[in-house]
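Here's the structure we're looking at; comments come further down.
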Amino acid sequence: INSDPVKHKILLKREVLADDFIFGKAEVPEEYEQAVINMSRKIKDMGPYVVVYLIGNTDNIGPERGNIGLSYQRAHSVADILVSQGIIRDRIILIPSGYHEPIEPNDTPEHRMHNRRVDIELRCFYY
């Protein structure tokens, strides 16, 4: 018997929410704070069935374990802003990806900078 009450799961949106994090840092770059605030408004408008997935990412410099921790911290920094704007913490899931989901090859400083980011995925669950 399938005890999962979720009947449908729909991916509403996936995009880069903040990138260009400073190497080794988890603080959301100032120029992306407003984008996170704007996203909080969109999330509120979508209603209570939307779950927010924040996927933290890094470049490929350094050990994997450290990058996993840093990517979690980056996602957590974005979550803190969303919560400060009224998004309920229980609706946010943090996923540390480390350097496993690059959007650019890690072959130049500029490409590595774009890989230091947090992606947001909005999913809607219907029962």
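The values are calculated or read from the model by the stated rules, or taken from the named source; none is laboratory data. Keep in mind that this is a model prediction, so the values were computed, not measured. All Cβ positions, even for glycine, are placed from backbone atoms using ideal geometry, and neighbour counts span all protein chains on display. When the accessible area is computed, the model is the full protein with side chains, heavy atoms only, and any ligands, DNA or RNA have been set aside. Shrake-Rupley method; radii C 1.70, N 1.55, O 1.52, S 1.80 Å.
Quantify, in whole percent, the carbon and sulfur part of the accessible surface of the chain (1.4 Å probe; protein heavy atoms only). Here carbon and sulfur together make up 53 percent of the probe-accessible area. Accessible area per residue (1.4 Å probe, heavy atoms of protein chains only) ranks 58, 108 as 108, 58, with the largest value leading.
Sorted by accessible area with a 1.4 angstrom probe, largest first, how do 64, 104 fall?
64, 104
Each Lys and Arg contributes +1 and each Asp and Glu -1, all at the Cβ; summed about the Cα centre of the chain, the dipole is approximately 640 debye. Mind pulling the angle between the C-alpha long axis of helix 30-46 and the longest principal axis of the chain? Nearest 10 degrees, somewhere in 0 to 90. Around 10 degrees separate the two axes. Using bins of 10 Å that start at zero, the share of Cα-Cα pairs per bin across the chain amounts to 14, 43, 29, 12, 2, 0, in whole %. A 1.4 Å probe run over the protein chains yields, for the stretch 1-109, 60 Å² of accessible area per residue, whole-number rounding. Using the rule -39500 (n - 2.57) for each DSSP H run of four or more residues, divided by the residues of the chain, the 222 nm mean residue ellipticity is -11500 deg cm²/dmol. Taking all Cα pairs closer than 8 Å and separated by 6 or more residues, the relative contact order of the chain comes to 43 percent.
Restricting attention to the chain, close to 75% of DSSP beta bridges with both partner residues there are antiparallel.
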